[in-house]
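Notes follow the structure.
The values are calculated or read from the model by the stated rules, or taken from the named source; none is laboratory data. None of the values given here were measured: they were computed from a predicted structure. FYI the Cβ positions are ideal-geometry reconstructions off the backbone, even for glycines, and counts take in every protein chain you see.
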Amino acid sequence: MARYIGPKTKIARKFGDPIYGPDKYFERKNFPPGQHGINKKRRKQSEYGIQLQEKQKAKYTYGILEKQFSNMFKKAQRSKSITGEVLLQLLESRLDNVVYRLGIAPTRAAARQLVGHKHITIDGSIVNIPSYTLKPGQVIGVREKSKSLEVVTDALSGENHSKYPWIEWNSDNKSGKYLNVPERSEIPENIKEQLIVELYSK
């Protein structure tokens, strides 16, 4: 299955959480999608169903396909730290996510596109792999001739550049520094990672 490009509000309503950011349509219709909507009687979810939904929520939030997500979980599992926490740290350390967190792009999908189209640099060199895992100390910037792109100028005019303690924004040269791997408490996503660990442990 390819990456989801359908209606984002529908997915947010499915999980009961605005996973793609502020959404006025979600606020108006904060109930499951479908013909019967709010009146639809749903059967009680099984333990497996709850765990699967949490994994799907994480995948949609970060825009990752099943194979990528599975590989990332295996990598987290091999670490000596808490598997669920490491999984979220790996997701947050992806280049496309950090470009989004720095405020260079309005959404993760837009960040992926900027990276894929060679508009983003790491330590001055162009990198076009959205899944690239950043290392502490690396500097993420916008390629000089790409700074005039409308999507970039609109995003850079915002104030979302220094919201997270693990990244640092330099407004003078419009670049950001990945300071360190974020702690779980510094990751704002409403994801119950332990449920994902339980799902893969079956």
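What's the total number of residues in region 170-193 that are within 15 Å of the chain's Cα centre (by Cα), over 17 Å from THR83 (Cβ atoms) and in contact (Cβ under 8 Å) with a residue 40 or more places away in the chain?
Going through region 170-193 one residue at a time, the tally reaches 1.
Between residues in region 39-66 that are closer than 30 Å to LEU95 by Cβ and among the aromatic types (Phe, Trp, Tyr) and residues that are modelled with pLDDT of 90 or more and buried (at least 20 other Cβ atoms within 10 Å of the Cβ), which pairs lie under 6 Å by C-beta distance while being six or more apart or on different chains?
TYR62/LEU91
ASN170 passes all but one of (1) under 24 Å from PHE69 (Cα atoms); (2) out of contact with any helix residue (DSSP H, G or I) (no Cβ under 8 Å at 6 or more places or on another chain); which number fails?
Single failed check for ASN170: (1).
In this structure, is TYR100 out of contact with any Leu (no Cβ under 8 Å at 6 or more places or on another chain), aromatic (Phe, Trp, Tyr) and not in a loop (DSSP other than H, G, I, E, B)?
So TYR100 passes the test.
Looking at ILE140, ILE167, ILE196 in this structure, which one is at pLDDT 90 or above, outside the structural domain of ARG101 (by TED's automatic domain parsing) and within 30 Å of GLY84 (Cα to Cα)?
None of the other options fit; the residue is ILE196.
If PRO106 satisfies all but one of (1) assigned to a helix (DSSP H, G or I); (2) more than 17 Å from LYS192 (Cβ to Cβ), what's the number of the condition it fails?
Unmet for PRO106, out of (1) assigned to a helix (DSSP H, G or I); (2) more than 17 Å from LYS192 (Cβ to Cβ): (1).
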